[in-house]
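Only one structure is covered here, and it is reproduced in the block below.
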Amino acid sequence: MSLEARGVVAGYRRKPPVLTDVSISVPAGTIVGLSGPSGTGKTTLARVLALLDAPRAGTVTIDDQVATGTRFAVQGDLRGSVAMLFQSPRASTDPRLTLRSIIAQPAEVARRPVDVEGVAARVGLTPDLLTRRPYQVSDGQLQRACLARALAQEPRYLICDEATAMLDAATTATLVRLVEAEVAAQGVGVLLISHDEELLAACCSQVSALADLRRAPVQR
Amino acid sequence: MSLRVENLTVRLPLPNGSVVHAASDVSLDVPRGTITALVGESGCGKSILASAVMDQLPAGARRSGSITVTTPQGALDVFAGEPFRGLHAALVPQSAATHLTPVRTARSQLDETITTLGSPRTSDELAVRVGLDPSALDCYPHELSGGMAQRVAVAGALAGDPSVIVADEPTASLDRALTDRVLGLLRECADDGAAVLLITHDLASLVRTGVADRLAVMYASRLMETGPAAEVFDDPWHDYTRDLLGALPSRGLHPLPGSPPQLTDLPDDCVYFLRRPETRQSGGPTALVQVGDRSYRTLREVA
């Protein structure tokens, strides 16, 4: 039971690939850390693993099942099995929606029932916040809502892409503890991407540097 | 060549009738040649202090107290209306990449700053001072990395050889290597004689680099504790400082209970007891108690 990338090559449009032959495994029920400086392809790998972007070569496997497409073209039983928490909660929420609608949206799109109050309580959002819009809450509260949105999809795997980089130390600690609680309670597998190596060391069972996951392309 | 904030209180009235308590009776000294770091959670009122020092408070703000910049020519009241921005006190903004004008090169913006201030410096000279290759100045802001753009912003702040430099979250969303470079740059500015006020929520970098000489901890518009940074990190005297430091990954990643308070319509005294009821330093009239070169907020003794 794991989320795996094998031999992934990926990059932007026609430019040379930023990822060449990268492999990583995120076992269910664990937190795996991924570190590396800015601009080395951490987010590209996250988007490939979340089935948002297709790799040029290589495969993404979810619980031993190879993903055959991206986004809505993913086969039905894998769709929604990987959720993502982005760096900027402001950039990843619709400013016109209330937090309640933001949290419910992915489940509604998938026509699944969703217990917004229950999942909001799990991430420590009080009910009075659910009627507010993003500009009426802090970054920390909005990132909690984004975590609730991710959990409402009942994902098997969660990818946190620098999800705490914009948050202060106190809010970071709160968010990381919430993610740990979900790992323990639901057996979710988490890939935690951060340039904060102290943070990764404090909460991950295993930490990889992106540079170490990469093999040089075979010379012909 | 120093910055002195005395009993600064800032209130921002909102259209709906409520009032934001942005700063409450804040007093802070930043002597020349030193870095004072002002830390606290997001939304505690740190940045409003930067706006106040630059006399750029939002329109309609009510303020009392004073802010004085001491320059080689004498003391200067920042609220007196004399031009001082860039010349005597300069701001390094958060997220320089969005602060720079996107349609002009870094060089043309630096040159304009130099001309406006009547500074004898050249843009190449400033670039070298902040560790940038002068050729990088011919780039447009979107062609620069976050760390390079931040260094352009520091170069702009240095153009007028200011006595006081205020840096508002200068390392937000930079990775560790770039953070260390920007903090190192501020350290050099202080070593050259400037008084630097560093506003940041990135405690981990402060602990790691030891760049700050003094630390001031803010919670819900009030200072909770001040003192030499190394001593406060080793032995915090206020419960809030201890809680904040305990949240660091290197110190156990302990979350604080609850959420940071909204600053709208705060009561007239410290509200930390609402967050941590067991504290014995909040929950009534409080005052900052000075002990040697440190101070901390605690309940006022009833005579």
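Per-structure values
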read-out	value
Relative contact order [Cα under 8 Å, 6+ residues apart], the stretch A:55-134, whole percent	25
Prolate/oblate/rounded call for the stretch A:117-191, Cα gyration tensor, a/c under 1.5 rounded	oblate
Alpha-carbon Rg/Rh ratio, for the stretch B:1-83, with Rh computed the Kirkwood way	0.99
Listed residues B:Gly227, B:Gly210, B:Gly74, most fluctuating in chain B (Gaussian network, C-alpha, under 10 Å)	B:Gly74
Gaussian network model of chain A, Cα within-10 Å springs - most flexible of A:Gln153, A:Gln143, A:Gln65	A:Gln65
12 Å beta-carbon shell around B:Leu12, net charge (K/R +1, D/E -1)	+2
Of A:Ala209, A:Ile159, A:Ala169, farthest towards positive along the dipole that unit charges on Lys, Arg, Asp, Glu beta carbons give the protein assembly as shown	A:Ile159
Whole-Hz couplings from phi, Karplus 6.51/-1.76/1.60, listed for the stretch A:174-190; x for Gly and Pro	4, 5, 5, 5, 5, 5, 4, 5, 5, 4, 5, 7, 10, x, 5, x, 10
Convex hull volume per residue for the stretch A:98-145, taking Cα atoms only, in Å³	64
Alpha-carbon Rg/Rh ratio, for the stretch B:196-289, with Rh computed the Kirkwood way	0.95
Equivalent ellipsoid dimensions for the protein assembly as shown as semi-axes, Å, which come from the Cα gyration tensor, largest first	41, 30, 20
Charged-residue dipole, Cβ positions (Lys, Arg, Asp, Glu), chain A about Cα centre, Debye nearest 20	920
Assigned charges on the beta-carbon of Lys, Arg, Asp, Glu; the protein assembly as shown dipole about Cα centre (debye)	1440
Local net charge near B:Met224, Cβ-Cβ under 9 Å (Lys/Arg +1, Asp/Glu -1)	0
Gaussian network model of chain B, springs between alpha carbon atoms under 10 Å - residue of B:Ala167, B:Ala75, B:Ala155 with greatest fluctuation	B:Ala75
Given charges at Cβ of Lys, Arg, Asp, Glu: the protein assembly as shown dipole, positive-most of A:Ala148, B:Thr298, A:Leu192	A:Ala148
Against the rule of thumb 2.2 N^0.38 Å, how large the Cα Rg of the stretch B:105-243 comes out	1.16
Rounded to the nearest 20 debye, dipole of the stretch B:107-219 from Cβ charges on Lys, Arg, Asp, Glu	280
The stretch B:1-160: radius of gyration over Cα atoms, expressed as a fraction of 2.2 N^0.38 Å	1.14
Positive minus negative residues near B:Gly33 (Lys, Arg vs Asp, Glu; Cβ under 14 Å)	-2
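Bear in mind that the values in this text are calculations on the coordinates, not laboratory data. It should be emphasised that the depicted structure is a prediction, and the values quoted were computed from it without experimental measurement. Reconstructed Cβ throughout: ideal geometry from the backbone, glycine too, with neighbour counts over all protein chains shown.
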